[in-house]
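Please read the structure below before turning to the comments.
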Amino acid sequence: MGMRLILLGGSGAGKGTQATRLSQRLSLPTLSTGDLIREAMTTDSTAHSGASEALAELANQAKPYVEKGELVPDPLMIGFIRQRLQQPDMAQGWILEGYPRTAFQAEELDFLLEELGQGVDQALWLDVSREVLVERSLARSRSDDDLAVVQRRIDNLEEFTKPLQDYYGYKKRLLMVDGSQSADVVEQQIVDQLTAVAS
Ligand code: AMP
């Protein structure tokens, strides 16, 4: 089934975990902007060729923002996603993890999907308190996870990404899940909610 899902929430909310699980369960490809940028940043840029040149370019320009816990500027992200979502492997549905993260990205995504005769089916928000986000981020201690950076990312989440709850809520496309529960329970609640809205 060609479902198009968006997974939203802070770094440490469990987006990556749930994207992997839902991707297997629903047989949908996942696009994680955070993972993509991180991987491209750690790969030797000379190793990139063809389609991944755009990614290497994105990573290069994104680096200073990611390292400080700032959002990568909208035009960069939007240009990259616009190109990526039009590739054949994304034609039959997808899970977008960590994109969109600003109202501008969400609007531009809707414009693109409208052009393609597609639409977002549901945006899933993994709701986790600030305290738990900090705790989880520091526990996994990736290189970009020092306390100041973690705090900055949460500030940006609250200022720029939280408004997407209203954006998708207004369109009746928002599902809220308590992301502080175990991964199994969160997954089950997501599946239950998706089933409920589909019926
Ligand atoms: P994540 O692993 O999803 O927390 O993403 C790691 C970092 O990548 C973020 O802190 C941002 O700097 C950058 N990033 C990922 N997705 C986006 C996006 N949609 N818009 C802007 N920046 C992003």
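The values are calculated or read from the model by the stated rules, or taken from the named source; none is laboratory data. Because the structure is predicted, anything quoted here is derived from the model rather than measured. Because the Cβ atoms are built from the backbone with ideal geometry, glycine has one as well, and the counts that use them run over all protein chains shown. In case anyone asks, the SASA skips ligands and DNA or RNA and just uses the protein heavy atoms, side chains included. Shrake-Rupley method; radii C 1.70, N 1.55, O 1.52, S 1.80 Å.
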**Asked** What whole-number value in Å² describes the accessible area per residue of the chain for a 1.4 Å probe?
**Response** 50
**Request:** Starting from the Cα of K172, draw a straight line to each of the lysines and keep only those under 17 Å, dropping any in the same chain fewer than 8 residues away.
**Result:** K162
**Asked** Relative to the Cα centre, what is the charge dipole magnitude of the chain, using +1 at the beta carbon of each Lys and Arg, -1 at the beta carbon of each Asp and Glu, and rounding to the nearest 20 debye?
**Response** 240
**Request:** Would you list, by chain and number, the aspartates and glutamates whose Cα falls below 15 Å from the Cα of K15, excluding same-chain residues fewer than 8 positions away?
**Result:** D35, E97, D127, D178, D184, E187
**Item:** Alpha carbon Rg of the stretch 4-198, scaled by the compact-globule rule 2.2 N^0.38 Å
**Value:** 0.99
**Prompt:** If the cut-off is a Cα-Cα distance under 13 Å, which aspartates and glutamates reach K171, setting aside same-chain residues fewer than 8 apart in sequence?
**Reply:** E107, D110, D121
**Complete:** Carbon/sulfur accessible area of the chain, % of total, 1.4 Å probe, equals 51
**Complete:** In a Gaussian network model of the chain with springs linking alpha carbons closer than 10 Å, the residue among G98, G12, G169 that fluctuates most is G169
**Complete:** Taking r as the C-beta separation of K171 and Q24 and R0 as 30 Å, the FRET efficiency to the nearest 0.05 is 0.65
**Asked** Once the Cβ-Cβ distance between E131 and Q193 is put in as r, and R0 is 30 Å, what FRET efficiency do you end up with, to the nearest 0.05?
**Response** 0.75
